[in-house]
Each structure stands twice: as C-alpha cells, then as structure tokens.
Amino acid sequence: MRPLVSASDSAFSPVTLRGAAIGFAILFALVVTLGFIPALNGGMDHVAMNASGEHMMMGLYMIGPADDVTHGLTAVVFLVAGLASAAWSRVALTAFGWYYATDAAIYLVTGFIQHRAPVSNILLNLPHVLLSATMLWLAYRSRRDSVAAGVAPARAAA
C-alpha cells in the first residue's frame with residue numbers, strides 16, 4: 001500500500017517524524033492522565049464520574065469529557081501513526097496540527113468577542129497555539145534541496 005504523503009521531502013528524518021508522533025502520543029496521554037489525579041484538579045466531579053464531568057485542571061484549564069476524548073484519540077492516532085511509518089506520522093502531524101490550530105483560533109476569537117482580558121485569553125489558548133505550530137512545522141518544513149528541485153522544473157516549464 002502506498003502512503004498518502006511522502007516523508008522523503010521533509011527536512012526531518014523518518015526517525016524524527018516517527019519520534020515526534022510518539023512523543024505527541026505520550027504528551028496527550030499524559031494530559032488525559034493528569035485529569036484523573038485529584039490533587040491536580042478542582043471540581044472533582046470529573047474524577048468521581050458524576051455531575052457535568054468538568055474540572056479545573058491544575059487550576060488553569062476547564063476540562064470536560066469531550067476534551068478527554070479528543071486528547072485521548074489524539075494520543076492513540078499519534079501512537080499508531082508513529083509505529084506505522086514516517087509518512088503516516090506526517091499525516092497525523094498535519095491533521096492534528098490544523099485541528100488544534102483551528103481550535104485555538106476559535107477560542108481566541110471567542111475570548112475577544114466576550115471581552116476577556118487579552119493576556120488571559122492568549123495564555124489560556126497558548127498550549128494549543130504552540131502545539132499546533134510545532135505539529136505544522138514538523139509536517140510542512142521541507143528540505144531545501146527538494147524545494148529547490150521543485151522550483152527549477154517549474155521555472156523551466158514557464
């Protein structure tokens with residue numbers, strides 16, 4: 001079966017792309033796990049599995065069951081992609097990079113519309129901004145020689 005994308009034009013080695021995917025799998029699994037440690041969470045309805053299921057993780061972020069499912073699925077997909085191949089790792093980095101970038105953009109705009117303090121709004125969304133930027137950088141950064149090789153034939157054809 002042919003991969004959807006090639007890892008060969010990436011600035012990063014296949015080992016780096018796969019390692020990044022597995023690293024993100026561990027990170028997102030850790031985020032879900034932290035939600036079940038009572039000492040780190042306020043509003044322990046989440047841990048007791050009753051009421052709304054929302055809690056304040058580390059006193060900073062309101063986390064609900066939908067967040068746990070999203071972060072958990074992200075961890076599973078990154079793990080499977082990292083174990084499968086560099087190309088699938090790049091697909092996962094691209095997909096989740098755009099997903100978390102869109103999520104951050106929506107909540108940044110929502111915070112602005114709701115007149116939240118700008119610094120607070122930015123800091124609240126900073127994890128998703130940084131994670132998505134890193135994922136997309138890993139996914140899209142091309143080797144200079146492959147980019148240059150692609151530009152030369154395009155100029156010759158024009």
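Assorted remarks:
- Tally of residues being surrounded by 11 or more Cβ atoms within 10 Å (Cβ to Cβ), more than 17 Å from Asp67 (Cα to Cα) and either of a type in the set (S, T, N, Q) or out of contact with any Leu (no Cβ under 9 Å at 6 or more places or on another chain) (or both) across region 109-135: 8
- Residues located in region 131-158, provided they are more than 13 Å from Tyr99 (Cα to Cα) and modelled with pLDDT of 90 or more: Trp137, Leu138, Ala139, Tyr140, Arg141
The values are calculated or read from the model by the stated rules, or taken from the named source; none is laboratory data. Given the structure is predicted, the values throughout are model-derived calculations rather than measurements. Note that we place each Cβ from the backbone using ideal geometry, even for glycine, and neighbour counts take in every protein chain shown.
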